[in-house]
Each structure stands twice: as structure tokens, then as C-alpha cells.
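Input: a single structure, listed below in C-alpha cells.
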Amino acid sequence: MKLDERQLSDLLRTLTLTENAELNCEECLAAVAAYAESELAGKTPTEAFHQVQQHLKVCADCNEEYRALLEAIQGIS
Ligand SMILES: [Zn+2]
């Protein structure tokens, strides 16, 4: 699944609006590909991505998914 830029900004806006609530796994996985690409691009994480980061720290399942994505993206480029 690849989000285009508009879908991504919609998603991030949604995440930012709920900034007091921690991400659940579904929300984290929806954003994790964009987060991984942003990381690899060396971009400064946005507020929404901080929540992804936070979730990855506490959730082994999503962290595993994130690592797999990083490897996949690095493998392509
Ligand atoms: Zn999770």
C-alpha cells in the first residue's frame, strides 16, 4: 500500500487531531510506511511521526513491521 501525498497529509492531520490519544496498531501501521520513507530521506519527523515513533518504542509487532519496511525500501533504492 502506498499513500499519495494528499492521502498522507489527510492521514497525518487525522493523527495530529488525536494527538492526546496514543496510536493504536492499526493507525501506526497505516502511517509506518510513510514514516520509514521519511526516516530514510533524513527528514525531521513531524508531530504525527513522533507518535509513530512513540508507538514503535512500545509495540514489538509494529516495530518488526517497521524494520521489515525499512529493509524493503532500502532494498529497492
Ligand atoms: Zn502496534
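The values are calculated or read from the model by the stated rules, or taken from the named source; none is laboratory data. Just so you know, these numbers come straight off a predicted model, no measurement behind them. Because the Cβ atoms are built from the backbone with ideal geometry, glycine has one as well, and the counts that use them run over all protein chains shown. Remember, those area values only see protein heavy atoms, side chains included, never the ligands or the DNA or RNA. Shrake-Rupley method; radii C 1.70, N 1.55, O 1.52, S 1.80 Å.
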Can you tell me which residues in region 55-76 are touching an Asp or Glu at 6+ places or on another chain (Cβ under 7 Å) and within 13 Å of the ligand (Cβ to nearest atom)?
H55
For A48, the lone unmet condition from (1) touching a helix residue (DSSP H, G or I) at 6+ places or on another chain (Cβ under 9 Å); (2) modelled with pLDDT of 85 or more; (3) surrounded by 12 or more Cβ atoms within 10 Å (Cβ to Cβ) is (2)
Enumeration of residues in region 26-45 that are within 15 Å of the ligand (Cβ to nearest atom) and open to solvent by 60 Å² or more (accessible area, probe 1.4 Å):
E26, E27, L29
In region 51-68, which residue that is in contact (Cβ under 8 Å) with a residue 12 or more places away in the chain and surrounded by fewer than 19 Cβ atoms within 10 Å (Cβ to Cβ) is nearest to the chain's Cα centre (by Cα)?
Q53
Residues being modelled with pLDDT of 75 or more, among the hydrophobic types (A, V, I, L, M, F, W, C) and either open to solvent by 50 Å² or more (accessible area, probe 1.4 Å) or in a loop (DSSP other than H, G, I, E, B) (or both) - total across region 4-25:
2
